[in-house]
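Note sheet for the following structure.
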Amino acid sequence: LTEVAAYARSQGLTLLEFIDRKIYLDPQVGLFVNYYEPEPYWGQYEGVTGLSRKIEILRQAEQLARKVASGGSVKFGEQKVTRVETYRTGKYDQIHRWEGFPDEGLRYFFGEGGMNYLTVRPSGTSQCLRLHIQLKAEEVNEDNLLARKKELYEIGKATIKAFREMVGLK
């Protein structure tokens, strides 16, 4: 990173300007915006009640995945889910008393191409959930780059908010 920053400086650019020009505005790479929220926002699910709550949220998330798989329509805000992938290793099935527990998460894809998605997954280090979203901007240029970054960030927040509401989180 230091070498990249030094190179950017040698070109008369800040590190962020260099990233904008050489990555985000490069049509072979493009602008990706990532956003993350933990659930619960502070702390973790405590005790048996907390573990039950975490499992219930994941069951709601899996129910939405089944709806998509059977051809039903699911939208998180303005983002229409086109497919869902569930990632399971089986190593936590017994602890959670759930055959096929989605320990590596569920990923809800939006649109075509697989670049835009929301992932909900249990933490591997604590009794909480992780909500990650990735969105790729289309039609980005030097004039609208900052506005597109902000727009995608806001869409990411709104999408996670809508997901939270659909699985019973406020």
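The values are calculated or read from the model by the stated rules, or taken from the named source; none is laboratory data. Remember, predicted model here, so these are calculated numbers, not experimental data. When we count neighbours, we look across all protein chains shown, and the Cβ atoms used for this are built from the backbone with ideal geometry, even at glycine. The area values use the complete protein model at the heavy-atom level, side chains included, leaving out ligands, DNA and RNA. Shrake-Rupley method; radii C 1.70, N 1.55, O 1.52, S 1.80 Å.
Key figures
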quantity	calculated
Calculated FRET value between Asp26 and Thr86, using beta carbons and R₀ = 35 Å, to 0.05	0.60
Positive-pole candidate from Ser126, Val33, Ser52, dipole of the chain, charges at beta carbon	Ser52
Set of aspartates and glutamates with alpha-carbon distance to Lys67 below 17 Å, sequence-local pairs under 8 removed	Glu56, Glu85, Glu165
Per residue, in Å², the accessible surface of region 51-170 once ligands and nucleic acids are set aside, probe 1.4 Å	55
Reported label for calculated semi-axes √(5λ) of the Cα gyration tensor in Å given (i) 63, 17, 13; (ii) 24, 20, 16; (iii) 35, 19, 14	(iii)
Segment Thr2-Glu142, extension gain: residue separation times 0.36 nm, minus the distance between their alpha carbons	47.9 nm
Listed pairs Lys91/Lys161; Lys80/Lys170; Lys22/Lys80 exceeding 26 Å between Cα atoms	Lys91/Lys161; Lys22/Lys80
The chain - mean residue ellipticity at 222 nm from DSSP helices (-39,500 (n - 2.57) per run, n ≥ 4, rounded to 500)	-11500 deg cm²/dmol
Whole-Hz ³J(HN,Hα) from phi, Karplus 6.51 cos²θ - 1.76 cosθ + 1.60, for region 115-131, glycine and proline x	8, 10, 6, 10, 10, 10, 8, x, 5, x, 10, 8, 7, 8, 10, 10, 10
Integer Hz, Karplus 6.51/-1.76/1.60 couplings in order for region 97-107, x for Gly and Pro	6, 8, 5, x, 3, x, 5, 9, x, 10, 10
For region 93-170, alpha-carbon Rg relative to the globular expectation (2.2 N^0.38 Å, N residues)	1.36
Carbon plus sulfur fraction of accessible area for region 13-170, probe 1.4 Å, in percent	51
